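Here the structure comes first, spelled out in structure tokens, and everything after it is commentary.
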Amino acid sequence: MILIKLGGSVITDKSQFKKFDNERAKRLCREIAESGKPVIIVHGAGSFGHVLAKKYSIQNGLVNRDQIPAAAQVHHDAMELGLLMTQTLINSGIPAASVAPGSCFVMEDGRIVPDNLEAIKSLYDMGIMPVTFGDVVMDRVNGFGIVSGDQMMEIMADIYKPERVIFVSDIDGLYTANPKTNPDAELIPEFDTETLKDVSSESNVDDVTGGVRGKMEAMLRICDEGRDCVLVNGTVPGRLLSLLRGEDVVCTVARM
Ligand code: IPE
């Protein structure tokens, strides 16, 4: 089984509040279906989550009651994106069910704790892909917090032990600096804990969950004996499909 995260930057237009990129999501789901590989998908929130979450500091937990309507709205918007994604998967021939992380996990001071995994496990056993996503989740200590799609990837990797893990983003891979602002930035085809030390910690300011470096750290945590973790550009048609077919593509691979 291959675990795939479709980043918010590929399935939404991050510059426009709550703008689903229907065409791109459709194409990526078609590529996954065409590969014929068994997969589990996690997705990010993109402009359905980060804009409002940042404005009301939802990731810092409950500090004032004005955040409560915003937390409810961010959760609602994340679920709306979840439904758009599962409809796209079903239309591509992949039976899928959107599962809000808060229905099977809680948080304990920012740490994700399984609460009731029966529903996602039985969906999977039945051949319906449980699709989780970045969302607002209740926290026993902080009231609430944000669980990112990357954190869900770690949890799903733990539960399902995939043979490969793929992060689909809007960049070709990991760069020595931010390729969007620095023309000297170079693509790193492969990295491990040592190489990560030289990577700029500059992150996307609209992102409440850590930006590119945070993703790389999560990727390394997910790597295991015989399991690599790949970052690939989903804005380039066919690249995800080639990767799923085992072909050589432009990407960054994290290894233990
Ligand atoms: C963010 O999830 C969740 C919310 C802000 C509600 P992610 O951090 O996984 O989303 P992307 O992939 O960066 O958009």
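State which residue is farthest from Gly93 (Cα to Cα) when the search covers only region 111-138 and only residues that are of a type in the set (D, E, K, R) and open to solvent by 10 Å² or more (accessible area, probe 1.4 Å). So that I can check it myself, show each step before the final result.
From region 111-138, those of a type in the set (D, E, K, R) are 111, 115, 118, 121, 125, 135; that's our starting set.
Subset that is open to solvent by 10 Å² or more (accessible area, probe 1.4 Å): 111, 115, 118, 121, 125.
On the way: Arg111: 35, Asp115: 30, Glu118: 24, Lys121: 21, Asp125: 17 Å.
Checked region 111-138; the qualifying residue farthest from Gly93 (Cα to Cα) is Arg111.
Out of Ser9, Ser47, Ser35, Ser15, I need the residue that is surrounded by fewer than 16 Cβ atoms within 10 Å (Cβ to Cβ), under 26 Å from Ile171 (Cα atoms) and among the small types (Gly, Ala, Ser). Which one?
Ser15
Criterion first (modelled with pLDDT under 90, open to solvent by less than 50 Å² (accessible area, probe 1.4 Å), more than 23 Å from Leu52 (Cβ to Cβ) and away from the ligand (no atom under 16 Å from the Cβ)) does Tyr160 satisfy it?
no
Taking interchain pairs and intrachain pairs at least six residues apart, which have beta carbon atoms under 7 angstrom, with the first residue in region 133-149 and among the acidic types (Asp, Glu) and the second near the ligand (Cβ under 6 Å from one of its atoms) and open to solvent by less than 10 Å² (accessible area, probe 1.4 Å)?
These pairs meet every condition: Asp135/Ala78.
Would it be correct to say that Val10 is touching a residue at least 40 places away in the same chain (Cβ under 8 Å), in contact with a Lys or Arg (Cβ under 7 Å, 6 or more places away or on another chain), closer than 13 Å to Gly134 by Cα and within 11 Å of the ligand (Cβ to nearest atom)?
no
Give the residue, chosen from Glu190, Glu186, Glu194, that is charged (D, E, K, R), open to solvent by 50 Å² or more (accessible area, probe 1.4 Å) and either modelled with pLDDT of 90 or more or under 23 Å from Gly238 (Cβ atoms) (or both).
Criteria check complete, one pass: Glu190.
Hey, among the residues in region 60-100 that are among the polar types (S, T, N, Q) and under 16 Å from the mean Cα position of the chain (by Cα), which one's nearest to the ligand (Cβ to nearest atom)? Talk me through it step by step, then tell me what you get.
Keep residues of region 60-100 that are among the polar types (S, T, N, Q), which gives 60, 64, 67, 73, 86-88, 91-92, 98.
Filter once more, so that each one left must be under 16 Å from the mean Cα position of the chain (by Cα): 86, 98.
On the way: Thr86: 17, Ser98: 14 Å.
This residue is Ser98.
Go through region 99-110 and give me each residue that's open to solvent by 20 Å² or more (accessible area, probe 1.4 Å) and either on the phi < 0 side of the Ramachandran plot or not in a loop (DSSP other than H, G, I, E, B) (or both).
The initial filter retains those residues of region 99-110 that are open to solvent by 20 Å² or more (accessible area, probe 1.4 Å), namely 102-103, 106, 108-110.
Answer for region 99-110, where residues must be open to solvent by 20 Å² or more (accessible area, probe 1.4 Å) and either on the phi < 0 side of the Ramachandran plot or not in a loop (DSSP other than H, G, I, E, B) (or both): Gly102, Ser103, Val106, Glu108.
The values are calculated or read from the model by the stated rules, or taken from the named source; none is laboratory data. In this text the structure is predicted, and so the values were computed from the model without any measurement. Reconstructed Cβ throughout: ideal geometry from the backbone, glycine too, with neighbour counts over all protein chains shown. When the accessible area is computed, the model is the full protein with side chains, heavy atoms only, and any ligands, DNA or RNA have been set aside. Shrake-Rupley method; radii C 1.70, N 1.55, O 1.52, S 1.80 Å.
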